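Each remark here refers to the structure printed beneath this line.
The values are calculated or read from the model by the stated rules, or taken from the named source; none is laboratory data. What you see is a predicted model, and the numbers here were worked out from it, not measured in a lab. Because the Cβ atoms are built from the backbone with ideal geometry, glycine has one as well, and the counts that use them run over all protein chains shown.
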Amino acid sequence: MKYEKICKTLDDTKDLAQRFAKLITKGCFISLYGEIGAGKTAFVKLVADALDVKEKVTSPSFVILNEYHSGILPVYHFDLYRLENEGVKTILDELREYSEGHQVTFVEWAEFSQDEIPFNHIKINVTYGDNEERKYSFEGFGCDNIKIVEELKSEE
């Protein structure tokens, strides 16, 4: 199941993030793809805000993982960009561990995961559109995540 949404403004993106956040309150593992500056971290920030995260959400580019525990459920935010093959191998167990349970886990630059993303996840690809537009493509893997994407699409 796939769903695509073009966001022409930041308010459009905020609306999409809020709708998405309402659907993942039981927890979810999300892999994020897209070029530098496409809006992956911005989307994570907006979803975290919708989940009532009180801490300032920042890119984990240099620390690999940021954790936020002040919201309605824990939010874990990985960034694999700076890890090379050997570096990714050192956190594979953590990626698997953070894919289960009542939490939201975001993994930016998931293409560097060496295909270790768990089967049950939502893939979000963020691409540039015309002017300031961003296109968000959602794809669910596993029954629960397919249902989330279907519900996101049906709410439009």
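Taking the condition outside any helix (DSSP H, G or I) and small (Gly, Ala, Ser), does GLY101 pass?
Details: outside any helix (DSSP H, G or I): yes; small (Gly, Ala, Ser): yes.
Considered against the rule, which asks whether it is outside any helix (DSSP H, G or I) and small (Gly, Ala, Ser), GLY101 comes out as yes.
Checked against (1) surrounded by 16 or more Cβ atoms within 10 Å (Cβ to Cβ); (2) farther than 22 Å from ASN120 by Cβ; (3) out of contact with any strand residue (DSSP E or B) (no Cβ under 8 Å at 6 or more places or on another chain); (4) not charged (D, E, K, R), ALA21 passes all but condition (2).
Which one of these is in a loop (DSSP other than H, G, I, E, B), modelled with pLDDT of 95 or more and either surrounded by 15 or more Cβ atoms within 10 Å (Cβ to Cβ) or touching an Asp or Glu at 6+ places or on another chain (Cβ under 6 Å) (or both): SER70, SER59?
Details: SER59 fails: modelled with pLDDT of 95 or more.
Criteria check complete, one pass: SER70.
Do you know which of the residues in the range 139-156 that are outside any helix (DSSP H, G or I) and at negative phi is surrounded by the fewest Cβ atoms within 10 Å (Cβ to Cβ)? Before you say what the answer is, go through the steps one by one.
Within the range 139-156, the first condition is being outside any helix (DSSP H, G or I), and the residues that meet it are 139-142, 155-156.
Narrowing the set further to residues that are at negative phi leaves 139-141, 155-156.
Working: GLU139: 17, GLY140: 22, PHE141: 18, GLU155: 12, GLU156: 8.
Applying the filter and picking the extreme gives GLU156.
Can you tell me which residue is modelled with the lowest pLDDT among those in the range 1-38 that are aliphatic (A, V, I, L, M) and outside any helix (DSSP H, G or I)?
Taking the range 1-38 first, the residues aliphatic (A, V, I, L, M) are 1, 6, 10, 16-17, 21, 23-24, 30, 32, 36, 38.
If we keep only those that are outside any helix (DSSP H, G or I) as well, we get 1, 6, 24, 30, 32, 36, 38.
Details: MET1: 79, ILE6: 95, ILE24: 96, ILE30: 95, LEU32: 94, ILE36: 88, ALA38: 91.
Only one residue fits best here, namely MET1.
Give me the residue from the range 103-119 that is modelled with pLDDT of 90 or more and not charged (D, E, K, R) and, out of that set, surrounded by the most Cβ atoms within 10 Å (Cβ to Cβ). Ranking the candidates gives VAL107 first. For the range 11-26, the set of residues classified as touching a residue at least 24 places away in the same chain (Cβ under 8 Å) and farther than 18 Å from ILE72 by Cβ consists of THR13, LEU16, listed by residue number. Count of the range 134-155 residues, restricted to those that are closer than 18 Å to ILE6 by Cβ and in contact with a strand residue (DSSP E or B) (Cβ under 7 Å, 6 or more places away or on another chain), is 9.
Restricting the first member to the range 41-57 and to residues that are over 9 Å from SER70 (Cβ atoms) and free of Cβ contacts under 8 Å to residues at least 60 places away in the same chain, and the second to residues that are part of a loop (DSSP other than H, G, I, E, B) and of a type outside the set (Ser, Thr, Tyr), the beta-carbon pairs closer than 7 Å and six or more apart or on different chains are LYS45/VAL57; ALA48/VAL57; ALA48/GLY71; LEU51/GLY71; LEU51/ILE72; LEU51/LEU73.
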